[in-house]
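Right, one structure below, let's go through it.
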Amino acid sequence: MAKIKGDIVINVERCKGCEVCIAACPTSVIAMSKEVNGKGYHFAMKVNDTCTGCINCALVCPDGVITVYRAKITTE
Amino acid sequence: MEDQVTKIDIRKDENIVYKRTDLLVDRPLSYCPGCGHGVVHRMLMETLEEMDIQDKTIGVSPVGCSVLAYDFMNIDMLGAAHGRAPALATAIKRLWPERFVFTYQGDGDLAAIGTAETIHACNRGENFVIIFINNGIYGMTGGQMAPTTLPGMRSSTSPYGRDVATMGHPLKITELIAQLPGTYYVTRQAVHTPNHVRRTKKALRKAFENQKRNTGISFIEVVSNCNSGWKMTPVQSNKWMEDNMFPFYPLGDIKVDGQLVPKKETAEKE
């Protein structure tokens, strides 16, 4: 069975911690970190593997820090 | 089985479905966290990239928060005097009719000091795109009251809320210019959720396609948040915008292909 799996990569130093992506994600992949980046913002980070690669988070990100990958994984 | 798939398997260049466009200069945007400007910049650049007209496009940046748009957009840009972007764009388009021209303006720029330029450029039916970011406040200078500030809305110059008896009514300039014969496409969009972002991008695409056919002004208003000026967090400001801005500034097309859209279709929401 083929399954769509996604992954996101967040440019941590560019993230300003506005949290808009968290509401946009349908599978609750993103949460805010406890640590801060070089500018002192709590940055968004991926916290689980349920990402489907729907690009919603990347679309609403005002600073365009999210890169989205999507692949079809075939399993028997 | 899929548990064995490591992250490295997915993170390959051929699997990229979305990344920040190269037409945005690789430098951090100077806007506040959560500001809608960044999304509109990115959608605009993606539209130009998809149409492959980035080398034929000239943008005019306004005065306001987005005055530094020329620092972020990797295309030819000019900075206009406060409010005079439509006048400058008129000159560029008339001298260089084969170029694509757009102005990118805020509400203080377009609806306050530049009202005359906006209305006359729209009335003349010049062939360029106006992108109007409406956040109901002068964000850059510290959150003063703008012509588009809602009745009762607090700002630093209306600390008890806008009182229409003394401060006047908010200006719905988008509805106003839709009445003019020179405008061809007038719409109001938002960029706070993925669906709205997709619709805004479609509207931008349509506007530049119209410009290719020399139809007249295409005017896109984007209702945006100003969390610093409204003194809220980005998520709160988006909620506030949905609850307060959208009833007064209903989203949707106002004029399509030179024809006003009937009122009830304009008012339809999600």
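Pick from B:A207, B:A190: which is open to solvent by less than 10 Å² (accessible area, probe 1.4 Å) and away from chain A (no Cβ under 14 Å)? Step through it out loud before you land on a result.
Values: B:A190 fails: away from chain A (no Cβ under 14 Å).
Checking each option against the conditions leaves just B:A207.
Evaluate the following for A:K16: is it open to solvent by less than 20 Å² (accessible area, probe 1.4 Å), assigned to a loop (DSSP other than H, G, I, E, B) and either more than 7 Å from every other protein chain (Cβ to nearest Cβ) or not hydrophobic (A, V, I, L, M, F, W, C) (or both)? So that I can check it myself, show each step before the final result.
Numbers: open to solvent by less than 20 Å² (accessible area, probe 1.4 Å): yes; assigned to a loop (DSSP other than H, G, I, E, B): yes; either more than 7 Å from every other protein chain (Cβ to nearest Cβ) or not hydrophobic (A, V, I, L, M, F, W, C) (or both): yes.
Yes; evaluated as a whole, the condition is true for this residue.
Looking at A:A2, A:A44, can you tell me which residue is more than 9 Å from every other protein chain (Cβ to nearest Cβ) and surrounded by 21 or more Cβ atoms within 10 Å (Cβ to Cβ)? Can you show your working first?
Values: A:A2 fails: surrounded by 21 or more Cβ atoms within 10 Å (Cβ to Cβ).
On inspection, the qualifying residue turns out to be A:A44.
Are there any pairs with C-beta distances below 8 angstrom linking a residue in region B:11-35 that is in contact (Cβ under 8 Å) with a residue 60 or more places away in the chain to a residue that is aromatic (F, W, Y), with the two at least 6 apart or on different chains, and if so which?
Within 8 Å, the pairs are B:P33/A:Y41.
Give the residues of region A:27-41 that are under 26 Å from A:A71 (Cβ atoms) and loosely packed, with under 13 Cβ neighbours inside 10 Å, sorted by residue number. It would help to see each step written out before you state the result.
Applying the first criterion (under 26 Å from A:A71 (Cβ atoms)) to region A:27-41 yields A:27-31, A:33.
Passing the criteria: only A:S28.
Say we look at region B:216-261 and pick out the residues that are of a type in the set (G, A, S) and within 20 Å of A:P62 (Cα to Cα); which of these is farthest from the other protein chains (Cβ to nearest Cβ)? Explain how you work it out, then say what you get.
Just the residues of region B:216-261 that are of a type in the set (G, A, S), to begin with: B:216, B:218, B:224, B:228-229, B:237, B:252, B:258.
Narrowing the set further to residues that are within 20 Å of A:P62 (Cα to Cα) leaves B:224, B:228-229, B:237.
Values: B:S224: 10, B:S228: 11, B:G229: 15, B:S237: 10 Å.
Selected residue: B:G229.
Filter region A:53-75 for residues that are more than 7 Å from chain B (Cβ to nearest Cβ) and surrounded by fewer than 20 Cβ atoms within 10 Å (Cβ to Cβ); which is farthest from the chain's Cα centre (by Cα)?
Keep residues of region A:53-75 that are more than 7 Å from chain B (Cβ to nearest Cβ), which gives A:54, A:57, A:61, A:65-66, A:72, A:74.
Still in the list and also surrounded by fewer than 20 Cβ atoms within 10 Å (Cβ to Cβ): A:72, A:74.
Details: A:K72: 18, A:T74: 23 Å.
Across region A:53-75, the extreme among qualifying residues is A:T74.
Those residues that are surrounded by 21 or more Cβ atoms within 10 Å (Cβ to Cβ) and assigned to a loop (DSSP other than H, G, I, E, B), I need them from region B:216-236; list them, please.
If the condition is that a residue be surrounded by 21 or more Cβ atoms within 10 Å (Cβ to Cβ) and assigned to a loop (DSSP other than H, G, I, E, B), then B:G216, B:S224, B:N225, B:C226 are the ones that fit.
Can you pull out the residues in region A:21-76 that are in contact (Cβ under 8 Å) with a residue 40 or more places away in the chain and part of a helix (DSSP H, G or I)?
Correct list: A:C21, A:C57, A:A58, A:V60.
Would it be correct to say that B:G79 is over 20 Å from B:E209 (Cβ atoms), in contact (Cβ under 8 Å) with a residue 12 or more places away in the chain and in contact with a helix residue (DSSP H, G or I) (Cβ under 6 Å, 6 or more places away or on another chain)? If you could, list the steps in order and put the result at the bottom.
Numbers: over 20 Å from B:E209 (Cβ atoms): yes; in contact (Cβ under 8 Å) with a residue 12 or more places away in the chain: yes; in contact with a helix residue (DSSP H, G or I) (Cβ under 6 Å, 6 or more places away or on another chain): no.
Answer is no for this residue.
Look at region B:184-206 and say how many of its residues are part of a strand (DSSP E or B), under 14 Å from A:V60 (Cβ atoms) and more than 14 Å from the chain's Cα centre (by Cα).
Kept after step one, since they are part of a strand (DSSP E or B), are these residues of region B:184-206: B:184-190.
Retained after the next criterion (residues that are under 14 Å from A:V60 (Cβ atoms)): B:189-190.
Now restrict to residues that are more than 14 Å from the chain's Cα centre (by Cα): none.
Matching residues across region B:184-206 total 0.
Any chance you could count how many residues in region B:41-50 are more than 9 Å from chain A (Cβ to nearest Cβ) and either outside any helix (DSSP H, G or I) or open to solvent by less than 10 Å² (accessible area, probe 1.4 Å) (or both)?
Residues of region B:41-50 more than 9 Å from chain A (Cβ to nearest Cβ): B:44-50.
Within this subset, residues satisfying the condition of being either outside any helix (DSSP H, G or I) or open to solvent by less than 10 Å² (accessible area, probe 1.4 Å) (or both) are B:44-45, B:47-48.
The total comes to 4.
Of these, B:M73, B:M77, which one is open to solvent by less than 20 Å² (accessible area, probe 1.4 Å), within 17 Å of the chain's Cα centre (by Cα) and farther than 18 Å from B:I173 by Cα? Full working, then the answer.
Working: B:M77 fails: open to solvent by less than 20 Å² (accessible area, probe 1.4 Å).
After ruling out the rest, the residue left standing is B:M73.
The values are calculated or read from the model by the stated rules, or taken from the named source; none is laboratory data. These figures come from a predicted structure and were not determined experimentally. Note that each Cβ is placed from the backbone with ideal geometry, even for glycine, and that neighbours are counted across all protein chains shown. For the accessible areas, the whole protein counts, side chains as well, though only heavy atoms, and no ligand, DNA or RNA atoms are used. Shrake-Rupley method; radii C 1.70, N 1.55, O 1.52, S 1.80 Å.
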